[in-house]
Amino acid sequence: MLVLIYFYNNTIHGKSFLSDICRVGVTDRGDSRQDEGPRTPTSGMEKTPRGTSVGVEDPYAVVERCDHLTDDGRCRYAAEHGSHDPEFARERREDGLRCPAADPEGEWTWADCPHFRDRGHSRECRRCGLEERRLATEETRPLLEEHHLEYADDGRKELSHEITVSLCRWCHAKVHDSWARIDDDASPDPEAIATAEGRRSKERAEFGFESAKERYEE
């Protein structure tokens, strides 16, 4: 069965969504999802402690930098929190606080560092590009959520780290539904577009914003 939904012209994160009839497939469970083509096999993907997919095979492959890394390649953890791990701090200080994982010629990977952490706090969805919109005058559910690729307290591993990315709540659900990847070339879900556009309209009304086009049409 198909549900037909009509959307007006709008643009999110530089992507234009023209007025169109969006096809949304309805499953036999009664939930809906945007038609994004065939599902990708997830047998090789990393799993959460609960057994659901995180949407990527290797969480460390998407890491850009450690939260404790300074701009000049030094370990802030050893410099500021050395009392929590004196031996680690001593070894890093003896090496000028150099991060052996960030150094292109270093002997570590991110996975080797006992204090590595990467908590991504982007204002847009890593998968579809939907931007966060919060209303100053209303308590609304965020459009974006923190998605864990790896957990710091994962008892299944001898050494684990906290690695997160920002996903909109629609992509977040799709990833944990064990078929979507965080690196899919995806567009925002129709419901996500409508929700974001609704908040955008409220923002414009709150601040009395009027575009040049609207002024000339008066």
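Listing for the model above:
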quantity	calculated
Which listed residue, of Ala186, Ala180, Ala152, is assigned by TED's automatic domain parsing to the domain that holds His121, in contact (Cβ under 8 Å) with a residue 40 or more places away in the chain and over 15 Å from Ser53 (Cα atoms)	Ala186
Members of region 170-193 that are closer than 21 Å to Arg133 by Cα, touching a Lys or Arg at 6+ places or on another chain (Cβ under 7 Å) and among the small types (Gly, Ala, Ser)	Ala186, Ser187
Hey, His172 of a type outside the set (A, V, I, L, M, F, W, C) and at pLDDT below 95 or not	no
Residue check for Arg204: surrounded by fewer than 16 Cβ atoms within 10 Å (Cβ to Cβ), of a type in the set (Lys, Arg) and either at pLDDT 95 or above or within 27 Å of Glu46 (Cβ to Cβ) (or both)	no
Conditions (1) out of contact with any strand residue (DSSP E or B) (no Cβ under 8 Å at 6 or more places or on another chain); (2) without any contact (Cβ under 8 Å) to a residue 12 or more places away in the chain; (3) within 19 Å of Leu159 (Cα to Cα): number failed by Lys47	(1)
Wholly within region 99-183, strands (runs of 3 or more DSSP E) carrying at least 2 residues that are among the hydroxyl-bearing types (Ser, Thr, Tyr) and buried (at least 17 other Cβ atoms within 10 Å of the Cβ)	162-168
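The rows are residues; the columns are (1) at pLDDT 50 or above; (2) within 23 Å of the chain's Cα centre (by Cα).
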{"site": "Glu36", "(1), (2)": "no, yes"}
{"site": "Gly55", "(1), (2)": "yes, yes"}
{"site": "Asp72", "(1), (2)": "yes, no"}
{"site": "Arg90", "(1), (2)": "yes, no"}
{"site": "Glu105", "(1), (2)": "yes, no"}
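The values are calculated or read from the model by the stated rules, or taken from the named source; none is laboratory data. In this text, all values refer to a predicted model and were calculated from it rather than measured experimentally. Note: ideal-geometry Cβ built from the backbone for every residue, glycine included; neighbour counts use all protein chains shown.
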